[in-house]
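What follows is a single structure, written as structure tokens, with notes after it.
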């Protein structure tokens with residue numbers, strides 16, 4: 001009997017976004033410098049009015065570069081031992097390197113964004129002076145091929161992809177880095193074997209925790225400068241719980257996406 005793929009964490013895709021959500025998605029991409037809306041925001045968009053409130057809350061710190069620059073600065077301090085360069089037949093090195101570069105760029109932004117949003121949801125009520133408005137975002141990276149749907153894969157390839165699964169809001173969640181790499185099954189299989197001993201390795205655990213702590217330590221100073229919180233009603237208690245749990249999980253996976261993305265760049269050097 002062929003096993004059925006599990007129901008994955010709900011997300012609102014870019015293609016399905018309309019109105020205000022589509023506008024927010026466009027701004028998230030522009031100020032992160034990537035042509036991709038992360039699963040964090042795509043999940044929040046499935047909760048009524050939550051992404052709108054969250055984006056209004058942190059937008060001043062995003063458009064000014066305060067959040068992106070903080071994330072990129074912190075990321076420089078955290079590196080893992082590199083993987084040996086590999087040569088995998090059929091691998092599109094340019095496309096794979098671009099995927100890795102996207103996640104090296106966006107994941108630090110996500111962890112600082114989440115830390116700031118968590119502070120607001122936990123009761124911070126800033127009344128700061130705001131931020132300068134003269135920041136220029138980084139040029140957009142090239143598009144990625146898109147997330148592979150686990151249900152579309154043959155069982156043996158799906159099993160490899162599910163090796164990367166974690167859980168958010170009681171549903172399986174596969175970080176998008178791996179779903180993008182899944183376009184090349186041989187590369188995904190190599191990555192699964194390469195990362196298997198690294199997930200719980202002491203240097204990974206230490207770097208993950210330190211990156212998470214650094215983001216949490218950076219957030220209060222950013223939040224304090226925000227001019228206020230959105231005027232509309234905040235998320236209700238159940239959605240606050242959901243959002244905080246999701247942010248907490250992202251605080252685990254975002255450091256990995258940053259460090260493992262760099263590992264991929266090291267393993268697939270440019271010709």
Once residue 136 and residue 93 are pulled to full extension, the length gained, defined as 0.36 nm per residue separation minus their Cα-Cα distance, is 12.5 nm
Return one number: the angle in degrees, 0 to 90 and rounded to the nearest 10, between the long axis of the Cα atoms of helix 202-225 and the longest principal axis of the Cα atoms of the chain. 20
Hydrodynamic radius by Kirkwood for the range 69-164, inverse mean 1/r across distinct Cα pairs, in Å, is 17.5
Any idea how far apart residue 224 and residue 56 come out in nm if each label point goes 7 Å out from Cα toward Cβ? 2.6
At what distance in nm do the modelled label points of residue 199 and residue 73 sit from each other, each positioned 7 Å from its Cα along Cα→Cβ? 3.4
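If you stretched the chain out fully between residue 157 and residue 209, how much longer would it get, using 0.36 nm times the residue separation minus the C-alpha to C-alpha distance?
On the way: separation 52, 0.36 × 52 = 18.72 nm, distance 3.08 nm.
Length gained between residue 157 and residue 209: 15.6 nm.
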Note: the range 46-86 at 10 °C, 1.306 mPa s; Kirkwood Rh on alpha carbon pairs; Stokes-Einstein D in µm²/s works out to 122
Determine Rg/Rh for the range 15-110; Rg is computed over alpha-carbon atoms and Rh is the Kirkwood hydrodynamic estimate from the same atoms. 1.05
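Output the peptides 198-210, 28-40 sorted from most to least packed, where packing is the average of other Cβ atoms within 10 Å over each peptide's residues.
The packing order, highest mean first, is 28-40, 198-210.
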Between residue 149 and residue 165, with labels modelled 7 Å along Cα→Cβ, what's the label distance in nm to one decimal, could you check? 1.7
At a 10 Å Cβ-Cβ cut-off, how would you order 120, 244, fewest neighbours first? 244, 120
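In the range 89-224, what is the volume of the convex hull around the alpha carbon atoms, normalised per residue and reported in Å³? Walk me through the numbers before you get to the answer.
Details: hull volume 20.0 nm³, N = 136.
Dividing the Cα hull volume of the range 89-224 by its residues yields 147 Å³.
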Could you state the angle between the C-alpha long axis of helix 19-32 and the longest principal axis of the C-alpha atoms of the chain, as a value from 0 to 90 degrees rounded to the nearest 10? 70
Counting other beta carbons within 10 Å of each Cβ, put 113, 46, 136 in order, fewest first. 136, 46, 113
Angle between the chain longest axis and helix 66-75 axis [Cα atoms, degrees, rounded to 10]: 40
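Expressed in nm to one decimal, what extension gain is obtained for the pair residue 86 and residue 27 from 0.36 nm per residue of sequence separation less their Cα-Cα distance?
Numbers: separation 59, 0.36 × 59 = 21.24 nm, distance 3.62 nm.
Result for the pair: 17.6 nm of gain on full extension.
Here, each number is a calculation from the coordinates, and none is a lab measurement. Treat the numbers as computed from the prediction; the structure is a model and nothing was measured. Neighbour counts are summed over all protein chains in view; Cβ atoms, including those assigned to glycine, are modelled from backbone coordinates with ideal geometry.
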